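The values are calculated or read from the model by the stated rules, or taken from the named source; none is laboratory data. Since we're looking at a predicted model, the values are computed, not measured. No Cβ is skipped: glycine too gets one built from the backbone with ideal geometry, and neighbour counts run over all protein chains shown. The accessibility values were calculated without ligands, DNA or RNA, using every heavy atom of the protein model including side chains. Shrake-Rupley method; radii C 1.70, N 1.55, O 1.52, S 1.80 Å.
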Amino acid sequence: MTETKDLKDQSLLPEGGEELFEVRVETAETLTSKEATRDATAEVQEPMAEQPAEAPHVSPVPVPPMAVEKDRLTKEIEEILSNDLTDIYLTLSEDRKVAFREKGEEVAVAIHDMMKTGKLKVQKVLELILEWLRLIPGINKFFLEQEAKIKTDTIVHRWEEESMRVDNGLV
């Protein structure tokens with residue numbers, strides 16, 4: 001049987017605090033009855049047919065806190081990259097959506113890093129976007145190149161605007 005006791009420990013309480021602490025004590029009888037119940041239910045269950053061993057559950061990789069909070073410029077880059085791709089994105093399978101989104105975020109961060117250093121290389125931006133868009137299955141080569149060029153031009157224009165803001169002290 002489980003017993004409940006109220007304890008007062010004045011050294012753990014703030015000044016003038018009169019709080020009650022509940023402590024549960026399980027006796028040997030309680031533990032033995034729990035074990036007996038568990039053993040009895042285990043015996044009642046029929047043995048399962050041999051099944052292949054399940055893969056161990058792998059929890060998702062925790063996202064670092066700084067990756068969760070995106071600054072204004074990174075959000076704008078992601079918006080430029082995702083512009084006019086909503087219909088295509090919705091047709092992707094779930095696993096492709098995840099890969100496409102993660103790669104898009106990586107590309108946005110890489111472009112953001114280039115902008116922050118002040119060394120935006122247009123050819124590198126175009127290559128990153130092309131590589132990202134190639135994740136879409138069955139995409140027309142000419143559409144891919146056209147979209148990548150439009151997105152690259154938009155990002156370069158945005159970088160020039162950002163440079164002007166920095167030069168004029170508006171940041």
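Scanning the range 159-171 for residues that are open to solvent by 80 Å² or more (accessible area, probe 1.4 Å) and part of a loop (DSSP other than H, G, I, E, B) yields a total of 3.
Restricting to the range 77-102, name every residue that is charged (D, E, K, R) and open to solvent by 50 Å² or more (accessible area, probe 1.4 Å).
Going through the range 77-102, the residues charged (D, E, K, R) turn out to be 78-79, 84, 87, 94-97, 101-102.
Those that are charged (D, E, K, R) and open to solvent by 50 Å² or more (accessible area, probe 1.4 Å): GLU79, ASP84, ASP87, GLU94, ASP95, ARG96, ARG101, GLU102.
Of a type outside the set (Val, Ile, Thr), within 20 Å of ILE88 (Cα to Cα) and free of Cβ contacts under 8 Å to residues at least 12 places away in the same chain: does that describe LYS141? Here the answer is yes, as LYS141 does meet what is asked. Taken over the range 106-158, the criterion of being surrounded by 17 or more Cβ atoms within 10 Å (Cβ to Cβ) and charged (D, E, K, R) is satisfied by GLU147, LYS151, ARG158.
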